[in-house]
Amino acid sequence: MNTKWFLFLFVLASGLIVASNPAFAHHSTAEFDMTAMTTVKGTVTQFEWSNPHAYIHIESKDDKGNVTEWTAELASLGMLSRINWKRDTVKPGDGITIYGNPAKNGKTLMRLDKITFANGQELSARVG
C-alpha cells in the first residue's frame with residue numbers, strides 16, 4: 001500500500017474519531033419541552049449524585065394535600081462541580097422550589113434550570 005494513501009486514511013479516520021467524540025457524550029433534551037418552564041415547590045426526598053446525570057427527587061403537595069413525586073434531571077457531576085454543586089448541596093428534608101423544562105410526555109420529570117432554597121438562596125443548574 002502506498003505510504004501517502006495509508007497516511008491519508010489514518011489522518012481521516014483519526015479526525016472522524018476525534019470529531020465524533022462529543023456526539024457520543026451528548027445527552028439530548030428531546031424528551032423535554034424546551035419552550036415551557038414549570039415550577040414545583042416541595043421537600044427533597046433524595047439527591048442522586050451519580051453519572052451520567054444527577055437527580056433531585058421531591059414530594060410536592062397540592063391545595064388538597066395530594067402528594068406528587070417529581071424528579072429533576074441535572075447535568076453530569078463534572079459539569080455540576082464546575083458551578084459549585086456538591087454531593088451535599090441538597091439533602092433529604094430540604095424545602096426547595098425547582099424550576100425547569102417539563103417532560104413532553106406528561107411525566108412528573110423536568111430538566112432542571114435552577115432551585116430556590118427555603119431561605120431564598122438560588123442556585124443555577126445551567127452548565128453551558
For the stretch 57-83, the count of residues that are at pLDDT below 95, loosely packed, with under 12 Cβ neighbours inside 10 Å and touching a Ser or Thr at 6+ places or on another chain (Cβ under 8 Å) equals 1
Those residues of the stretch 84-107 which are outside any strand (DSSP E or B) and among the aromatic types (Phe, Trp, Tyr) amount to Trp85
Checked the stretch 113-128 for anything open to solvent by 40 Å² or more (accessible area, probe 1.4 Å) and in contact with a helix residue (DSSP H, G or I) (Cβ under 8 Å, 6 or more places away or on another chain); matches are Val127, Gly128
Open to solvent by less than 80 Å² (accessible area, probe 1.4 Å), assigned to a helix (DSSP H, G or I) and on the phi < 0 side of the Ramachandran plot: is that true of Met110 in this structure? no
Considering the stretch 84-107, residues that are more than 14 Å from Ser60 (Cβ to Cβ) and of a type in the set (Val, Ile, Thr), and then whichever is most open to solvent (accessible area, probe 1.4 Å), we arrive at Thr89
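The values are calculated or read from the model by the stated rules, or taken from the named source; none is laboratory data. This structure is a prediction, so every number in the text was calculated from the model and none was measured. Every residue, glycine among them, receives a Cβ derived from its backbone with ideal geometry; neighbour counts consider all protein chains shown. Side chains included, ligands, DNA and RNA excluded: accessible areas come from the protein's heavy atoms. Shrake-Rupley method; radii C 1.70, N 1.55, O 1.52, S 1.80 Å.
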